[in-house]
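Asker: What follows is a structure written as C-alpha coordinates; I'll ask about it next.
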Amino acid sequence: MTEQWFIEGEEAMQRFGAEIGAALLWHGVVYLDGNLGAGKTTLCRGLVRGAGHAGAVKSPTFTLVEPYELEGASIFHFDLYRLNDPEELEFLGIRDYFEGHSLCLIEWPEKGKGLLPSPDLKITIAAEGTGRKLSVESYSAHGLAACQRLHN
Ligand code: ADP
Ligand code: MG
(Lines give C-alpha, C1' and ligand atoms only; values in the text may rest on other atoms or scores of the structure.)
(Ligands and ions follow the chains in the order given, each with its own letter.)
Protein backbone atom coordinates (compact mmCIF):
# COMPACT_ATOMS: atom_id res chain seq x y z
CA MET A 1 0.00 0.00 0.00
CA THR A 2 1.28 3.45 -0.90
CA GLU A 3 -0.33 6.65 0.31
CA GLN A 4 0.56 10.18 -0.74
CA TRP A 5 0.35 13.26 1.43
CA PHE A 6 1.10 16.92 0.92
CA ILE A 7 2.41 18.60 4.07
CA GLU A 8 3.09 22.30 4.26
CA GLY A 9 5.32 23.79 6.92
CA GLU A 10 7.62 22.55 9.64
CA GLU A 11 4.91 22.39 12.29
CA ALA A 12 2.57 20.27 10.17
CA MET A 13 5.53 18.03 9.32
CA GLN A 14 6.24 17.43 13.00
CA ARG A 15 2.57 16.73 13.68
CA PHE A 16 2.59 14.19 10.88
CA GLY A 17 5.69 12.56 12.36
CA ALA A 18 3.85 12.10 15.66
CA GLU A 19 0.91 10.58 13.78
CA ILE A 20 3.21 8.09 12.10
CA GLY A 21 4.66 7.05 15.47
CA ALA A 22 1.18 6.53 16.88
CA ALA A 23 0.05 4.63 13.77
CA LEU A 24 3.05 2.29 14.22
CA LEU A 25 2.08 1.82 17.89
CA TRP A 26 5.61 3.14 18.61
CA HIS A 27 7.53 0.17 17.26
CA GLY A 28 8.92 -0.98 13.92
CA VAL A 29 11.45 0.08 11.30
CA VAL A 30 11.03 3.21 9.15
CA TYR A 31 13.27 4.15 6.21
CA LEU A 32 13.34 7.86 5.33
CA ASP A 33 14.27 8.75 1.78
CA GLY A 34 14.80 12.23 0.37
CA ASN A 35 17.53 14.72 -0.49
CA LEU A 36 19.40 16.83 2.03
CA GLY A 37 16.92 19.37 3.34
CA ALA A 38 13.87 17.32 2.37
CA GLY A 39 12.56 17.24 5.92
CA LYS A 40 13.53 13.77 7.18
CA THR A 41 14.92 15.00 10.51
CA THR A 42 11.96 17.35 11.00
CA LEU A 43 9.60 14.39 10.66
CA CYS A 44 11.68 12.35 13.13
CA ARG A 45 11.74 15.27 15.57
CA GLY A 46 7.96 15.41 15.57
CA LEU A 47 7.75 11.67 16.08
CA VAL A 48 10.20 11.62 19.01
CA ARG A 49 8.45 14.58 20.65
CA GLY A 50 5.12 12.88 20.06
CA ALA A 51 6.45 9.94 22.05
CA GLY A 52 6.93 12.27 25.01
CA HIS A 53 10.51 13.52 24.63
CA ALA A 54 10.62 17.13 25.83
CA GLY A 55 14.23 17.99 24.97
CA ALA A 56 16.06 18.67 21.75
CA VAL A 57 16.09 16.24 18.86
CA LYS A 58 19.34 16.85 17.02
CA SER A 59 20.35 15.31 13.74
CA PRO A 60 22.67 12.36 14.54
CA THR A 61 24.87 13.21 11.56
CA PHE A 62 28.15 12.62 13.39
CA THR A 63 27.07 10.11 16.03
CA LEU A 64 25.14 8.04 13.42
CA VAL A 65 22.52 7.12 16.02
CA GLU A 66 20.69 8.87 18.84
CA PRO A 67 18.73 6.78 21.34
CA TYR A 68 15.59 7.97 23.16
CA GLU A 69 14.46 5.81 26.04
CA LEU A 70 10.98 7.11 26.78
CA GLU A 71 8.15 5.90 28.95
CA GLY A 72 6.05 4.50 26.13
CA ALA A 73 8.70 3.90 23.50
CA SER A 74 12.32 3.11 22.85
CA ILE A 75 13.35 5.03 19.75
CA PHE A 76 16.60 4.94 17.79
CA HIS A 77 17.13 7.72 15.26
CA PHE A 78 19.81 6.95 12.68
CA ASP A 79 21.41 9.23 10.11
CA LEU A 80 23.77 7.12 8.01
CA TYR A 81 24.79 9.91 5.62
CA ARG A 82 28.39 9.84 6.79
CA LEU A 83 28.73 6.09 6.91
CA ASN A 84 31.49 5.02 4.53
CA ASP A 85 31.00 1.29 4.72
CA PRO A 86 27.95 -0.66 5.97
CA GLU A 87 30.40 -2.84 7.93
CA GLU A 88 30.92 0.11 10.31
CA LEU A 89 27.44 -0.59 11.59
CA GLU A 90 28.77 -3.77 13.17
CA PHE A 91 30.96 -1.64 15.45
CA LEU A 92 27.88 0.29 16.57
CA GLY A 93 26.34 -2.98 17.73
CA ILE A 94 23.58 -2.40 15.21
CA ARG A 95 21.83 -5.70 15.85
CA ASP A 96 20.96 -4.77 19.44
CA TYR A 97 19.02 -1.75 18.23
CA PHE A 98 16.60 -3.83 16.21
CA GLU A 99 15.84 -6.33 18.92
CA GLY A 100 13.00 -5.89 21.34
CA HIS A 101 10.14 -3.52 20.87
CA SER A 102 11.98 -0.48 19.51
CA LEU A 103 11.09 2.04 16.85
CA CYS A 104 14.00 2.62 14.46
CA LEU A 105 14.00 5.68 12.21
CA ILE A 106 16.68 5.51 9.53
CA GLU A 107 17.78 8.44 7.36
CA TRP A 108 19.96 7.40 4.37
CA PRO A 109 19.18 3.66 4.72
CA GLU A 110 20.91 2.88 1.39
CA LYS A 111 24.25 3.58 3.13
CA GLY A 112 23.63 0.62 5.42
CA LYS A 113 22.51 -1.72 2.70
CA GLY A 114 22.88 -5.38 3.59
CA LEU A 115 23.10 -4.78 7.33
CA LEU A 116 19.74 -3.21 8.06
CA PRO A 117 16.51 -5.10 8.60
CA SER A 118 13.85 -4.53 5.96
CA PRO A 119 11.46 -1.69 6.81
CA ASP A 120 7.82 -1.74 7.87
CA LEU A 121 7.38 1.65 6.23
CA LYS A 122 9.36 3.63 3.71
CA ILE A 123 8.67 7.35 3.64
CA THR A 124 9.88 9.28 0.61
CA ILE A 125 9.94 13.07 0.92
CA ALA A 126 10.26 15.50 -1.98
CA ALA A 127 10.01 19.28 -2.06
CA GLU A 128 6.96 20.59 -3.85
CA GLY A 129 6.25 24.29 -3.94
CA THR A 130 6.34 25.62 -0.38
CA GLY A 131 5.67 22.17 1.12
CA ARG A 132 6.63 18.53 0.79
CA LYS A 133 5.13 15.58 -0.98
CA LEU A 134 5.30 12.44 1.15
CA SER A 135 4.86 8.95 -0.11
CA VAL A 136 4.28 6.37 2.64
CA GLU A 137 4.80 2.82 1.47
CA SER A 138 4.21 -0.31 3.55
CA TYR A 139 6.52 -3.33 3.36
CA SER A 140 5.06 -5.61 6.04
CA ALA A 141 1.77 -6.50 7.70
CA HIS A 142 2.69 -4.16 10.56
CA GLY A 143 3.48 -1.38 8.09
CA LEU A 144 0.23 -1.96 6.23
CA ALA A 145 -1.78 -1.75 9.46
CA ALA A 146 0.04 1.51 10.28
CA CYS A 147 -0.71 2.88 6.81
CA GLN A 148 -4.40 2.08 7.27
CA ARG A 149 -4.48 3.69 10.72
CA LEU A 150 -2.80 6.77 9.29
CA HIS A 151 -5.38 6.93 6.54
CA ASN A 152 -8.37 6.83 8.92
P1 ADP B 1 16.72 16.51 6.13
O2 ADP B 1 16.81 15.81 7.45
O3 ADP B 1 15.90 15.72 5.14
O4 ADP B 1 18.04 16.89 5.56
P5 ADP B 1 15.49 18.70 7.64
O6 ADP B 1 14.47 17.96 8.43
O7 ADP B 1 16.72 19.11 8.34
O8 ADP B 1 15.89 17.88 6.33
O9 ADP B 1 14.69 19.93 7.04
C10 ADP B 1 15.25 20.92 6.22
C11 ADP B 1 14.34 22.12 6.16
O12 ADP B 1 13.06 21.82 5.58
C13 ADP B 1 14.05 22.74 7.52
O14 ADP B 1 14.33 24.12 7.43
C15 ADP B 1 12.56 22.53 7.74
O16 ADP B 1 11.96 23.58 8.43
C17 ADP B 1 12.02 22.44 6.33
N18 ADP B 1 10.81 21.62 6.25
C19 ADP B 1 10.66 20.37 6.73
N20 ADP B 1 9.45 19.88 6.44
C21 ADP B 1 8.78 20.85 5.75
C22 ADP B 1 7.48 20.94 5.15
N23 ADP B 1 6.60 19.92 5.21
N24 ADP B 1 7.14 22.08 4.51
C25 ADP B 1 8.02 23.09 4.43
N26 ADP B 1 9.26 23.07 4.97
C27 ADP B 1 9.65 21.97 5.62
MG1 MG C 1 18.50 14.91 8.41
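The values are calculated or read from the model by the stated rules, or taken from the named source; none is laboratory data. Every value quoted in this text rests on a predicted model; they were computed, and no experiment measured them. Note that we place each Cβ from the backbone using ideal geometry, even for glycine, and neighbour counts take in every protein chain shown. These area figures cover heavy atoms from the full protein model, side chains too; ligands, DNA and RNA do not enter into them. Shrake-Rupley method; radii C 1.70, N 1.55, O 1.52, S 1.80 Å.
Asker: Do we have any residue at all in region 124-136 that's of a type in the set (S, T, N, Q), under 28 Å from A12 (Cα atoms) and open to solvent by less than 40 Å² (accessible area, probe 1.4 Å)? Spell out how you get there, then give the answer.
Answerer: Start the filter on region 124-136 by keeping residues that are of a type in the set (S, T, N, Q), which leaves 124, 130, 135.
Next cut, under 28 Å from A12 (Cα atoms) only: 124, 130, 135.
Checking which are open to solvent by less than 40 Å² (accessible area, probe 1.4 Å) leaves us with 135.
Yes, region 124-136 has at least one match.
Asker: Looking at the structure I just gave you, is K40 among the charged types (D, E, K, R) and surrounded by fewer than 22 Cβ atoms within 10 Å (Cβ to Cβ)?
Answerer: It is false that K40 is among the charged types (D, E, K, R) and surrounded by fewer than 22 Cβ atoms within 10 Å (Cβ to Cβ).
Asker: Now a separate question. How about region 26-51: which of its residues are assigned to a loop (DSSP other than H, G, I, E, B) and either within 14 Å of ligand 1 (Cβ to nearest atom) or over 25 Å from R132 (Cα atoms) (or both)?
Answerer: G34, N35, L36, G37, A38, G39
Per-residue answers, yes or no, for (1) away from ligand 2 (no atom under 13 Å from the Cβ); (2) under 18 Å from P119 (Cα atoms); (3) at pLDDT 95 or above:
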| site | (1), (2), (3) |
| --- | --- |
| G52 | yes, no, yes |
| T61 | no, no, no |
| Y68 | yes, no, yes |
| D79 | no, yes, yes |
| D85 | yes, no, no |
| E90 | yes, no, no |
| I94 | yes, yes, no |
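Asker: Of the residues L70, L89, L103, L80, which single one is at negative phi, away from ligand 1 (no atom under 16 Å from the Cβ), open to solvent by less than 30 Å² (accessible area, probe 1.4 Å) and free of Cβ contacts under 8 Å to residues at least 40 places away in the same chain?
Answerer: L89
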